[in-house]
Amino acid sequence: MRTRYRQDLDSIRNMSNELMELVILCYDKVDLFLENNNKKNLEEIIELNDDIRRNAADIERFCFELLALQQPVARDLRFLQMSIKLASTFKRIASHLAQASMIMIEYPLTEEEVDFVKRFISNQKQMASDSINSFINNDNDLGLKTIEDDEVNNKLFVEAVNYIADLNKNNSIGAIELSEKVLLYKYFERLGDRLARVGDLATRL
């Protein structure tokens, strides 16, 4: 019975890792869009939103089942509690990626904006990899590094918003596009917060 229980805990780790692989795939598809301007890549991210959210819900149900049937204590209890919070974080990450994709489908990016998005992606892909490894392997130092790396996203957000503010001053961007672009960069800034949250959860195990 305990052997099966240990296998179930490992299954949750594997499910979480597979979910982060889907998140990284979304970032890869944004990268492809920036290279080839094929909006199909962004549409696929929107479709992946449902897959990520559905799989995250599966993790939640699995964790609640183990909490009810196994009544874990100590480290196992913390792991299941943090896994439930991780699943919720995955849902928010998927939603932010989908919302950002919809904006990029609707509004073209300037060369400067492409550079901003590429820098966001480069940092956040590394954060995604580090954060899930810190969670799965209970690596406190890697979790702390992920949290620190979020500062890059905060600085990029300020830089990007200042850029579009200058466009606005020069009447080079419409009011609606301006508001949508602010949202775009806010979604990327929030994505950094969510990935840092995964690292934070790892430090609580």
(request) Name the single residue, out of those in the stretch 19-47 being hydrophobic (A, V, I, L, M, F, W, C) and more than 18 Å from Val198 (Cβ to Cβ), that is most open to solvent (accessible area, probe 1.4 Å). (result) Leu32
(message) Six or more apart or on different chains, Cβ atoms under 7 Å: show the pairs whose first residue is in the stretch 68-80 and more than 17 Å from Ile136 (Cα to Cα) and whose second is in a helix (DSSP H, G or I).
(response) Gln70/Tyr5; Pro72/Leu66; Pro72/Leu80
(request) Test Asp150 against the stated conditions and say whether it is closer than 25 Å to Asp76 by Cβ, touching a Gly at 6+ places or on another chain (Cβ under 9 Å) and free of Cβ contacts under 8 Å to residues at least 60 places away in the same chain. (result) no
(message) What's the total number of residues in the stretch 105-126 that are over 28 Å from Met15 (Cα atoms), hydrophobic (A, V, I, L, M, F, W, C) and touching a helix residue (DSSP H, G or I) at 6+ places or on another chain (Cβ under 6 Å)?
(response) 3
(message) Could you go through the stretch 182-205 and let me know if any residue there is assigned to a loop (DSSP other than H, G, I, E, B) and open to solvent by 40 Å² or more (accessible area, probe 1.4 Å).
(response) yes
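The values are calculated or read from the model by the stated rules, or taken from the named source; none is laboratory data. In this text, all values refer to a predicted model and were calculated from it rather than measured experimentally. So basically every Cβ, Gly included, is an ideal-geometry build from the backbone, and we count neighbours across all protein chains shown. SASA here: full protein model, heavy atoms, side chains in, ligands and nucleic acids out. Shrake-Rupley method; radii C 1.70, N 1.55, O 1.52, S 1.80 Å.
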